[in-house]
Amino acid sequence: MTDPAPDSAFGYRRVLLKVSGEALMGDGAYGIDPNMVDTIATDIAEVARSGVEVCLVIGGGNIFRGVAAAARGMDRAQGDYAGMLATVINALMVQNALERHGVPTRVMSAIHMSSVAEPYIRRRAVRHMEKGRVVIFAAGTGNPFFTTDTAAALRAAEMECNALLKGTQVDGVYSADPRKDPGATRYDRLTYLDVLAKDLHVMDAAAISLARENRLPIVVFNIHAPGAFPQVMRGEGLFTRIVEAN
Ligand code: UDP
């Protein structure tokens, strides 16, 4: 890694942004809202143009979740493979929106499907980013019983990213769900162990542990607020930072 990008207050030169499938639904209850995808793509384009290398992991929960299917009697592993395929649909939508903004992109899939995406090859992904392409990692880890949060921590570690940015529906990590509990307070900064010990539901424990082992800061912010991603990269606006020690 060379010098930090000048435009990034945290000095992040390469980041991974995790966008949940639900973030793509907008106000809908299922599927994809093209306006929301475009809002997110606008922000990603701005950050990529500022010189920061950006890669993405896109979830699939807006279309299919293995756990939910298993609760209805479906084989869990089979459901998880379906969930991973859902992330590929989302990745293609985000790729399309980014390319409309003139951002060169590559989708790399952990499940081979050579007609629509490149296979995930770590060194090739690094090369794409060095060339200024936004790499979209699709199909999670390629394994059932994992989540795309864990895939995000895994790929961020493999790509030697300076941070994992988790775009959520609220502007950081709260002591309780702020949409249900008006007394919930927002944390500016937490440790990985705080998140695990307080069971704060930011990301699953496997993802938090992987980030901790690799000293990968996690920055949680509201992906729905237009302009929030570039703002957070400048160290402005509201977010929660999760790091090793307070
Ligand atoms: N999934 C999986 N392995 C992975 C990543 C995802 O099996 O490495 C499946 C799992 O069924 C999951 C679904 O893909 O429920 C969609 O991913 P996720 O729930 O993480 O999406 P998000 O909540 O971010 O929208």
In the neighborhood of A70, defined by Cβ-to-Cβ distances under 12 Å, what is the net charge if each Lys or Arg adds +1 and each Asp or Glu adds -1? +1
Row for the stretch 184-246, column shape: gyration tensor on C-alpha, a ≥ b ≥ c, rounded if a/c < 1.5 i.e. under 1.5, prolate if a/b over b/c, else oblate; value prolate
Go ahead and estimate [θ] at 222 nm for the chain from helices alone: -39,500 (n - 2.57) per DSSP H run with n ≥ 4, summed, over the residue count, rounded to 500. -11000 deg cm²/dmol
Taking DSSP loops as anything outside H, G, I, E and B, show the longest stretch in the chain free of GluC sites (Glu not before Pro) there with at most 16 other beta carbons within 10 Å. 1-159
Find, among the trypsin sites (Lys or Arg not before Pro) in the stretch 149-246, those assigned to loop by DSSP (not H, G, I, E, B) with at most 10 other beta-carbon atoms within 10 angstrom. R179, K180, R215
Got a number for carbon plus sulfur as a percent of the stretch 133-246's accessible area, 1.4 Å probe? 49
Under the Karplus curve 6.51 cos²θ - 1.76 cosθ + 1.60, θ = phi - 60°, whole-Hz ³J(HN,Hα) for the stretch 213-225, x wherever Gly or Pro sits: 4, 9, 6, 9, x, 10, 10, 9, 8, 8, 6, 6, 7
Indicate, rounded to the nearest 5 percent, the antiparallel portion of the DSSP beta bridges found entirely in the stretch 153-246. 40
What number comes out for accessible area per residue over the chain if the probe is 1.4 Å? Units Å², please. 45
Looking at the stretch 47-132, which trypsin sites (Lys or Arg not before Pro) are DSSP coil and have at most 15 other C-beta atoms within 10 Å of their C-beta? R72, K131
How charged is the neighbourhood of A225? Take every other residue with its Cβ under 13 Å from the Cβ of A225, and add Lys/Arg as +1 and Asp/Glu as -1. -3
Prolate/oblate/rounded call for the stretch 81-135, Cα gyration tensor, a/c under 1.5 rounded: oblate
Cα shape, the stretch 1-150, gyration tensor, a/c 1.5 rule: prolate
How much accessible surface does D194 have with a 1.4 Å probe, in Å² rounded to 10? 40
Rounded to the nearest 5, the percent of DSSP beta bridges in the chain running antiparallel is 15
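The values are calculated or read from the model by the stated rules, or taken from the named source; none is laboratory data. Owing to the predicted nature of the structure, the values given are computational and were not obtained by experimental measurement. In this analysis, Cβ positions are derived from the backbone assuming ideal geometry, glycine residues included, and neighbour counts consider all displayed protein chains. In case anyone asks, the SASA skips ligands and DNA or RNA and just uses the protein heavy atoms, side chains included. Shrake-Rupley method; radii C 1.70, N 1.55, O 1.52, S 1.80 Å.
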